[in-house]
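What follows is a single structure, written as structure tokens, with notes after it.
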Amino acid sequence: MQRTRIFALLLALCLCLGAAVNAQAADWSEEYYRANDYTNEMSDAQIDDIDQLCIEFVTKYHLDLALLALSPEDYDGISLEDAARNYYASCGFGYGETKDGFVFCYDAENGTALIVPIGAAEGVVPERYLDFIAESAADMREKHGVWGVMYAACKHLTNFMEEPERFTPRGSGSAESTEPAAAAPDQSAAQEQPEAPDQPRPSLTNKPAWFPADPQSFAYFHDENAPRVVDGADIFTDAEEKSMEARITELRRELRRDIVICTDVSSYGLSHMEYADDFYDYHGYGYGDEREGFCLFICMEEGNRGFWTSGRGTDSMSLQTETVANALDDVLIEYLADQRYGEGAANWIENIAGLYRKGIPFAPDWYPDRGEEIRRFHDDSAPRVYDEAELFTQEELDALEARAAELKRQYGFDVAILGTYAPSGVNRWDFARTYYERMGYGTGDGYDGFLVAVFRESDGSVSYGGTLALGGAAARMSDVAEKRLDDHLRDRLSRGAGGAAASCLDEIGHMLKTGRVPRTTGSWIGTGIWGVLLGSIFGLIALGKAKRNMKTVQMKENADTYLVKGSLRVNNLRDDYIRTSTTRRHHPRERSSGGGSSSGRSSYSSSHRSSSGAMHSGSGRRF
């Protein structure tokens, strides 16, 4: 009998995770993501976007919302509704003691969908409108994929909760009336198009004062004098606000890009992304025809605290890659989680300015500005050890400088050491090569030399480094020698960056003298282990052959005549398990503990359309 993947997985959850479900918070649990995609079409960022919408829904309406996309083989043998209910129950979804909420289930292969009310959610939304939500959401698959299906389901349900009287069937309670109520005399809700991720939103009932009455007819404008720091949540001091305004004014003149910060005590039912996009669009911000700039929105609403950085314009959006967004958000979330709002906002301003200047976040001064051409030169007086990540002691710096100078005198190749923070948004070896070229290193016309780079990671650890051979030095270092140099360096980093770098310089000297780099201790040990493994394999093969040649014991009649009377005893037997193992399968993905700075990953969008129709990028987190 064929077993379904989803049924087996949900049964395992019931048995293995029952204790965790029973221990959840009294109202509702955030232990699992509320969107799960068995089709594997959605990215992590898209799943985060849907999850954020679900969290906002349960926070505002005290009804849970979970979504599941799957294929027929995932629920073979049970109905789509049963699969939806099992998913909802097994993951511990639901608000309050009766687990109130909705679960949306979509069969991506057949294109069918349904939304099931649970507990007190039953009767909140008319059955006909639930069918409308399911059908309209399923229609989004062709244009927007599984993400569009889930997004439309969330937004349709949210629209109803915001304005139930607009969508309630006429003559509610009468079997004769099945048409959704009209928003206007000549327009029924059933005729409305679902709100796609890149389509304008319908107007809000509880909207901010600055939100236009008709976004579709909004005319863009530029307001040079509008404040660039709008602290509606009053989380900055007057001095902080004044200082940030002055700094932004300077940067706008220098960069020809806008930088905006706004805070509020509510998002008015908008997502953080929507609020940031709309605030920027409707206040006259931005430079040029594309309204280039960034806007940071900090939401201080209880149960909905978080931030979103919205980018607008081709240049700004191209700079805000997912890697860059995560790096910037990693820094900002630490300030906000510690309630150092003014410091965090001021730091964010400088990081955005650096991103515009250099093209990558947190770039050091020596890194070239965007568009700047690197002109090669020789600088014999420049220090050959540069330690911006504070990896070496003063004694180690002096020793490395002396050893590098000695190698240059002895072999004619320049040697330099870079201790730096791992860069974001650029390949670390391109980063190191740029440093070598910018600092005037290298001998002769080919700027020949070696660069030893050691990187401090974002978590403070020092576990990565390597060696570059540049110019004519590249001909002296084979691929094998390069690998062994890197292996030597990384093997020794755990015992200190200074000692590892010094050892690497010694190995470079050995290579220049003998033409080779000795193998690491670890590689010798590895070779020994492989020898043992191969020996064991051949031994097992020989043992198998010997066993096949052994004679099998045959039964013999009257064999009991050979027994000595009283010498045979039969004891009780039992099975003793000398080793057991447990395998756990988690469904859906577990949240990172802490959710804020510890998650290490932002909700991210490389391109989406705001309610005004403008394109934005963005990223954000909760705290």
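Here, each number is a calculation from the coordinates, and none is a lab measurement. Please read these numbers as outputs of a predicted model, since none were measured by experiment. When we count neighbours, we look across all protein chains shown, and the Cβ atoms used for this are built from the backbone with ideal geometry, even at glycine.
General remarks:
- The rule of thumb for compact globular proteins, 2.2 N^0.38 Å, goes into the C-alpha radius of gyration of the range 241-284 1.35 times.
- Taking every C-alpha pair closer than 8 Å and separated by at least 6 residues, the mean separation divided by the residue count of the range 385-514 gives a relative contact order of 24 percent.
- Loop sites in the range 211-273: GluC sites (Glu not before Pro), DSSP, at most 12 other Cβ within 10 Å: 224
- A simple rule links phi to the HN-Hα coupling: the Karplus curve 6.51 cos²θ - 1.76 cosθ + 1.60 with θ = phi - 60°, which for the range 425-440 gives x, 7, 4, 5, 7, 5, 4, 5, 4, 4, 4, 4, 6, 6, 8, x Hz, with x for Gly and Pro.
- Dividing the convex hull volume of the alpha carbon atoms of the range 216-362 by its residue count gives 111 Å³ per residue.
- Where GluC sites (Glu not before Pro) fall in DSSP loop in the range 326-387, at most 13 other Cβ within 10 Å: 372, 373
- Estimated vicinal HN-Hα couplings, Hz - the range 490-501 in sequence order (Karplus 6.51, -1.76, 1.60; Gly, Pro = x): 6, 4, 9, 4, 5, 9, x, 5, x, x, 5, 5
- As a proxy for reagent exposure, 87, 356, 268 were ordered by neighbouring Cβ count within 10 angstrom, fewest first; the result is 268, 356, 87.
- Listed peptides 133-139, 416-422 appear in the order 416-422, 133-139 once ranked by packing, highest mean of other Cβ atoms within 10 Å at the front.
- Modelled label positions at residue 207 and residue 340, each set 7 Å beyond Cα in the direction of Cβ, lie 3.9 nm from each other.
- Diffusion coefficient of the range 385-514 by Stokes-Einstein, Kirkwood radius over Cα pairs, 4 °C, 1.567 mPa s: 89 µm²/s.
- A simple spin-label model places pseudo-atoms 7 Å from Cα toward Cβ; at residue 220 and residue 378 they are separated by 5.3 nm.
- Ranked list, fewest to most other Cβ atoms within 10 Å of each Cβ, for 43, 602, 267: 43, 267, 602
- Karplus-derived 3J(HN,Hα), 6.51/-1.76/1.60, for each residue of the range 110-115, Hz, glycine and proline x: 8, x, 9, 8, 8, 10
- Flagged links, alpha-carbon separation over 19 Å, of 408/513; 155/207; 408/483; 143/207; 207/242: 408/483; 143/207; 207/242
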